[in-house]
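All of the numbers you see were taken from the coordinates with simple rules; none came from a lab. Since the model is a prediction, treat every value here as computed from it, not as a measurement. Please note: Cβ atoms are built from the backbone with ideal geometry, for glycine as well, and neighbour counts cover all protein chains shown.
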Amino acid sequence: MQLSVKDTAKILNVSEKTIYRWIEQQVVPVYRINEQYRFNRSELLEWATSRRIQVSPEIFQEAEQSKTPLPSLSDALKAGGISYRVGGSDKPSVLRAIVDILNLPEEVDRGFLYQVLMARETLGSTGIGDGIAIPHVRNPVVLHVSKPGMTLCFLDHPINFGAIDGQPVDTLFTLISPTVRAHLHILSRLGFVLQNQDFKTALKRQASREELMETLSRAEAAIPALNAHNGDACRQ
């Protein structure tokens, strides 16, 4: 959905005058269409998150409740890929390395995505324990992509990620989605499969791509209750 200046002001809880000032300063992502300013909901969400601007819940309302079937984790991981021996000596350098290898369209601003991910980390680490982190922003990362992707990266060296258990992190899942609904769906399913011991063991061993995909498929098949709820129970 293309938002008007009025819509955007309401969502960001600011005046229309403030929106026009941001446009003049070229600090907010905006398009000029038929002599009118229009804002992309997804880009606005990312921009507001990176600036730590409190947004109205209306920004999460999809213009169209998607009837498109939500993808499996296996499909998302196939789209995002698996990378080994990713470099980096600390959180910023690791996230920069991950952003550089993400399977994204050319028009995506990787530098901006990096800033958004780092902004999320300042609110609290996405390290969930057991050497695993799930870098994503507090509001779902939604970009110009046609389908969700989940990228799995194994680090060359474990790093301090500020994880909840205090342990260094060497395994990271990064989620990229075209909609909020898809993001929450993938994030919730990932939370369930990470409780599967076989899958966790495969991650710990940094198993081959083939073995990881097979183990993930089995782990995901073991959560039929989640299929019925489309992952809507997820809470970030």
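So here's what we get for this one:
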read-out	value
Residues ILE101 and THR18, FRET efficiency given R0 of 45 Å [Cβ-Cβ distance, rounded to 0.05]	0.75
For the range 14-20, Karplus couplings with θ = phi - 60° (6.51, -1.76, 1.60), whole Hz, Gly/Pro x	10, 7, 5, 4, 5, 4, 5
Computed lengthening from ILE33 to ASP109, 0.36 nm per intervening residue step minus Cα-Cα distance	25.2 nm
Antiparallel bridges, percent of DSSP beta bridges restricted to the range 73-229 (to nearest 5)	60 percent
Sorted by Cβ density within 10 Å, fewest first, the residues ASP100, ASP170, ASP130	ASP100, ASP130, ASP170
Inter-probe distance in nm under a simple model that places probes 7 Å from Cα toward Cβ, at ASP90 and THR201	3.8 nm
